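Data block below; observations after.
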Amino acid sequence: MAYNSGIVNVATPGTSNTDYHTRRLFNFSDRVADLAPQESPFFVYLSKVAKVPTDDPQFRFLEDRTKVSMTDRSFALDGSHSIPAAGSSITYTVEESAGSETSVDWLIKGMVFAVGYTEDSAPETIIVRIESAPVDNGADTSFVGKTISAIDGAETGADTTKCQVIGTSFAEGSGAPDVFSEELSDDFGFTQIFKTACEMSNTARATRYRGYADEFQRIWNMKLREHKIDIERAMLFGQRATQGGIQYTEGICGHIIKNGTANIDDSVLSYTSGAPYYRSSTEAQLTYDRLLSDFEVVYDPARGGGDSKLALASLPVISFFNKLGKDSFLHGSMAYNNSAALSGAATTTNQSALRYNMSEKEGSYGHRIMVLETIHGTLNLVKEPLFRGISSGFLAMVDLDHVAYRPLVGNGVNRDTQVQTNVQSADEDLRKDMIVTEAGLEVSLPESHYLLNLEGV
């Protein structure tokens, strides 16, 4: 059935195309990104600062986590063991982390590490040098270690005791050490084909309408906005899949929900390599201190986190960050040393400064941005109008260095947003145009992203 309204004739800007059987293709990618940016902020940011064309509908990308391993170079003992005296040696069996049953593939002869113990309720450490080339046993790693300094009192060490590398040490005139290297990891994504049709009868094209000087232009802009918002929804909520010859791209929230472990209520956020952060809490449970603890993990540079993130937020979440009443976010961000203040008594002393700075500014791409400066990093809050219904409590913190908009471009063919005119059959008394985009979202280093679901808003 024909859409009995009008769209603009886009054959040549400023001119008309009277031959509706002539089919032409026009690149509209930039125009779409600039149209109504407040309606689809994530797509706009991706288009402006994170566009990386791909020549394969299944695109692959590399992830570099060497920063993580270099900063947090630790491992755990596997099994209990005796604690030798200084200058003596024992065979150590270690694993990547407590209970992981995973070998440590970056240890070399000459590394020095500290082993932490508790003696008489006080923390103590011994220093050990690796004296033999470590052997990878699959589930663990073994080597001979020589104790450089020891402790008195404790005779055995417990299973899962944590060890921390503190450098290397070699004799004067010694040769080059062994070499280890950490491989880059890779992942992939799919492009998705988005289509939106604009159709009108020739009778409608010949009809004069009131309300708009150019009804064709009104309908055409509406369809462009519809197409862009469809892409925005996929980039937010999609999950990577292929079925029946159709590919589906990843969305930032969809990826986090599918691959992240939900931290419920007041549970502590923890780092897992390759896993995004996901918290679901009520407003009462989400105190300033809890958020600050979360930010400590999410912004940790040793774990891939940048110091500035784009935060797409629903309207209720924006309101949550601005509340000033008792037990609200801002109220909880103030510390009192005077109990009278908590009961409502007037006081002008013992009240700390607010532990973050919040301001508002005009963004570069047509958005208002609320800037939240914390001790760990900057949060650039932007309203996301598509966070509604089941996503009405969403706050998606995105590291723009680790996402990319991947339009399919290759062999002289650009599949970023295109408009094809006059795609109707030759015997149809109507005009039909089509908007097509083939693109996907790349989500790399998932641990640099964070999703909050504020329950009950």
From the phi angles alone, apply the Karplus equation (6.51, -1.76, 1.60; θ = phi - 60°) to segment 174-186 and give each ³J(HN,Hα) in whole Hz, x where the residue is Gly or Pro. 6, x, 5, x, 5, 10, 10, 9, 9, 6, 6, 9, 10
How many angstrom lie between the C-alpha centres of segment 441-457 and segment 256-318? 7
About the Cα centre of segment 168-319, what is the dipole size in debye to 20, counting +1 per Lys and Arg Cβ and -1 per Asp and Glu Cβ, all else neutral? 1440
What full-extension length gain, to one decimal in nm, is calculated for Ala36 and Asp429 as 0.36 nm per residue of separation minus the Cα-Cα distance? 138.2 nm
Simple SL model, points at 7 angstrom along Cα→Cβ for Gln420 and Arg60; separation in nm is 3.0
For segment 67-168, projected area of the alpha-carbon convex hull averaged over all directions, nm²: 6.0
Residues with amide H under 5 Å of Ser308's amide H, sequence separation 5 or more or different chain, H placed in the peptide plane at 1.01 Å from N; which? Thr378
Pairwise Cα inverse-distance average, inverted: Kirkwood Rh of segment 206-268 (Å): 15.2
Sorting Gly110, Gly79, Pro123 by the position of each Cα along the dipole of segment 67-168 (Lys, Arg +1; Asp, Glu -1; all at Cβ), the one nearest the positive end of that ordering is Gly110
Hey, with R₀ at 22 Å, roughly what FRET efficiency would Ser88 and Ile166 work out to, going by the Cβ-Cβ distance, to 0.05? 0.65
If I model a spin label as a point 7 Å beyond the Cα along the Cα-Cβ vector, how far apart are those points for Thr71 and Ala284 in nm? 3.6
So if each residue of separation counts as 0.36 nm, and I subtract the Cα-Cα distance between Asp186 and Arg225, what length gain in nm does that give? 10.6 nm
How large is the charge dipole for segment 42-147, taken about the Cα centre, if only the Cβ atoms of Lys, Arg (+1) and Asp, Glu (-1) carry charge, to the nearest 20 debye? 520
Please list the non-local residues whose amide H lies under 5 Å from the amide H of Tyr278, H modeled 1.01 Å from N, same-chain partners needing a gap of 5 or more. Thr261, Asn263, Leu451
With a Förster radius of 60 Å, plug the Cβ-Cβ distance of Val457 and Thr242 into 1/(1 + (r/R0)^6) and report the FRET value to the nearest 0.05. 0.95
Using θ = phi - 60° and the Karplus relation 6.51 cos²θ - 1.76 cosθ + 1.60, list the HN-Hα couplings for segment 219-232 in order, rounded to whole Hz, with x at every Gly or Pro. 5, 4, 4, 4, 5, 4, 5, 4, 5, 5, 5, 4, 5, 4
Share of pairwise Cα separations in segment 146-250, more than 17 Å, in percent: 78
Pairs from Lys48/Lys309; Lys383/Lys432; Lys223/Lys309; Lys48/Lys432; Lys162/Lys258; Lys51/Lys432 whose Cα-Cα separation, in the structure shown, is over 24 Å: Lys383/Lys432; Lys223/Lys309; Lys48/Lys432; Lys162/Lys258; Lys51/Lys432
Relative contact order of segment 67-168, defined on C-alpha pairs under 8 angstrom at six or more residues apart (%): 39
Once label points are set 7 Å from the Cα along Cα→Cβ at both Asn202 and Asn411, what is their separation, rounded to one decimal in nm? 3.6
Along the charge dipole of segment 137-257, Cβ charges K/R +1 and D/E -1, which of Thr203, Thr242, Leu184 sits furthest on the positive end? Thr203
Can you list residues from other chains, or at least 5 along the same chain, whose modelled amide H is less than 5 Å from the amide H of Ile90? Gly145, Thr147
Net lengthening on full extension, Ala176/Asn322 (0.36 nm per residue, minus Cα-Cα): 46.7 nm
Hey, what do the phi angles of segment 387-399 turn into as Karplus ³J(HN,Hα) couplings, whole Hz, using 6.51/-1.76/1.60 and θ = phi - 60°, x for Gly and Pro? 7, 9, x, 5, 10, 5, x, 7, 10, 9, 8, 10, 8
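Coordinate-derived values only; no laboratory data. All values derive from a computational prediction rather than experimental measurement. Counting neighbours? That spans all protein chains shown, and the Cβs are built from the backbone with ideal geometry, glycine included.
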